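Visitor: Encoded as C-alpha cells, here's the structure I'll be asking about.
The values are calculated or read from the model by the stated rules, or taken from the named source; none is laboratory data. Because the structure is a prediction, the values reported are computed rather than measured. So basically every Cβ, Gly included, is an ideal-geometry build from the backbone, and we count neighbours across all protein chains shown.
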Amino acid sequence: MSTPASPPTPRTLTELSMPPELKELIRTAPMRTKPMSIAYVDEQGAPSLSFRASIQPFGDSQLALWVRDPNGGLVRAIGSNPQVALLYGDMNSPSAVVSMRGRARVDASEAVRSAVYGSAPEMERKADPDKRGVAVVVDLDGVHGRMPGYRFEMRRA
C-alpha cells in the first residue's frame, strides 16, 4: 500500500517583489467575490477598515486603488498618517491568506490617475464615470502569508 505523495514545499519569498501569481490573485479578487480590505487610522485616531474592489498591483512592490470620493475618510487619513494595512483572504481549498503593509499617498499625475482608473473593475469605473476620484498608490513595506506554491515573508530592504 503506497502513501499519498506530500504536496511540494512552497517557495518562501523574502525579497519584496510580488510574483505574477500574487499579482493575478489581487487583480482578479473582486471578480471572484474576494475583495481586499484596507485598514488605516482615521482623523480621530481610531482604526478604520473597508473593502475596496479597485485594489490592484502597480509594479512589483506597489499596490494602487481608485478612491471615488476624493474627500473621503481614507484620503483625509493618509494625508496625516500614510501607514495602511491590506488583507486578502480566501479560505477555499487551496487557501490563500496574504497581509500587506505600506505607506499610501495620493498620486495626482494624469498618467497614474488614468492607469489606475483604467485598470479598476468596470463596476468601479461605472460608479465614477466622470473620473472625480483619486488614485492612491501604496508603497509596500511588507507582504506576509501564503498562497498555493508560495509563502511570503517579504520586507522592504
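Visitor: If you check S17 against the conditions, is it surrounded by 12 or more Cβ atoms within 10 Å (Cβ to Cβ), of a type in the set (S, T, N, Q) and not in a strand (DSSP E or B)?
Guide: Spelling it out, S17 is indeed surrounded by 12 or more Cβ atoms within 10 Å (Cβ to Cβ), of a type in the set (S, T, N, Q) and not in a strand (DSSP E or B).
Visitor: Output the residues belonging to region 47-67 that are charged (D, E, K, R) and either buried (at least 18 other Cβ atoms within 10 Å of the Cβ) or without any contact (Cβ under 8 Å) to a residue 40 or more places away in the chain (or both).
Guide: Scanning region 47-67 gives a single hit, R52.
Visitor: Another one. Looking at region 43-91, which of its residues are among the aromatic types (F, W, Y) and touching a Pro at 6+ places or on another chain (Cβ under 8 Å)?
Guide: Result: F51, single match.
Visitor: Could you please let me know if V138 is part of a strand (DSSP E or B), modelled with pLDDT of 95 or more and touching a Leu at 6+ places or on another chain (Cβ under 8 Å)?
Guide: So V138 passes the test.
Visitor: Taking L22 as the residue in question, decide whether it is of a type in the set (A, V, I, L, M), more than 18 Å from D90 (Cα to Cα) and buried (at least 16 other Cβ atoms within 10 Å of the Cβ).
Guide: no
Visitor: So which residues in region 55-111 are among the charged types (D, E, K, R) and touching a Leu at 6+ places or on another chain (Cβ under 9 Å), if there are any at all?
Guide: D60, D90, R101, R103 - these are the residues of region 55-111 that are among the charged types (D, E, K, R) and touching a Leu at 6+ places or on another chain (Cβ under 9 Å).
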